[in-house]
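Data first, discussion second: the structure below is written as structure tokens.
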Amino acid sequence: MAGRDAEELAAWLRTHPGAEVVCRDGSLVYRQGITDGAPNAVEVSDRFHLWQGLSKRVGDTAAAHRSWLPSAVLKRHRRHRAKRHRPIRPKPGPAATRRTSSMRCTR
């Protein structure tokens, strides 16, 4: 098709009946053309525009909640650091390294 015109798309779909699934981008012009030309067709997004839309929404959500991020990251960092910097246990003395028989351990 030459342009991005809703009526042109609708006319093309009417001359090619039987479209059950139509892949489109987020354009409202294409939405209108598909609705007019193939009202029973299922509209799906192509992979590129699906990922582009998802990426934008994730970015918008992250930006909207950015003020929450520092406190959440700081809490996790403190927990992780506390686990990582535990005091080293002293090495066991000679009594702890002495071997005992398995019979003695069961009593």
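Within the stretch 1-48, the residues that satisfy the criterion of being in a helix (DSSP H, G or I) and either touching a strand residue (DSSP E or B) at 6+ places or on another chain (Cβ under 8 Å) or small (Gly, Ala, Ser) (or both) are Ala6, Ala10, Ala11, Leu13, Tyr30, Arg31, Gly33, Ile34, Gly37. Close contacts from the stretch 1-15, counting a first residue that is more than 14 Å from Arg31 (Cβ to Cβ) and a second that is in a helix (DSSP H, G or I), with Cβ to Cβ under 7 Å and a gap of 6+ residues or different chains, come to Met1/Glu8; Met1/Leu9; Met1/Trp12; Ala11/Gly37; Trp12/Gly37; Arg14/Gly37.
Here Asp46 clears all of (1) surrounded by 10 or more Cβ atoms within 10 Å (Cβ to Cβ); (2) of a type outside the set (Phe, Trp, Tyr); (3) more than 26 Å from Ala11 (Cα to Cα); (4) modelled with pLDDT under 90 except the condition numbered (3).
One residue stands out among those in the stretch 6-31 that are among the acidic types (Asp, Glu) and under 16 Å from Asp46 (Cα atoms): the one that is surrounded by the most Cβ atoms within 10 Å (Cβ to Cβ), which is Asp25.
The values are calculated or read from the model by the stated rules, or taken from the named source; none is laboratory data. Please read these numbers as outputs of a predicted model, since none were measured by experiment. All Cβ positions, even for glycine, are placed from backbone atoms using ideal geometry, and neighbour counts span all protein chains on display.
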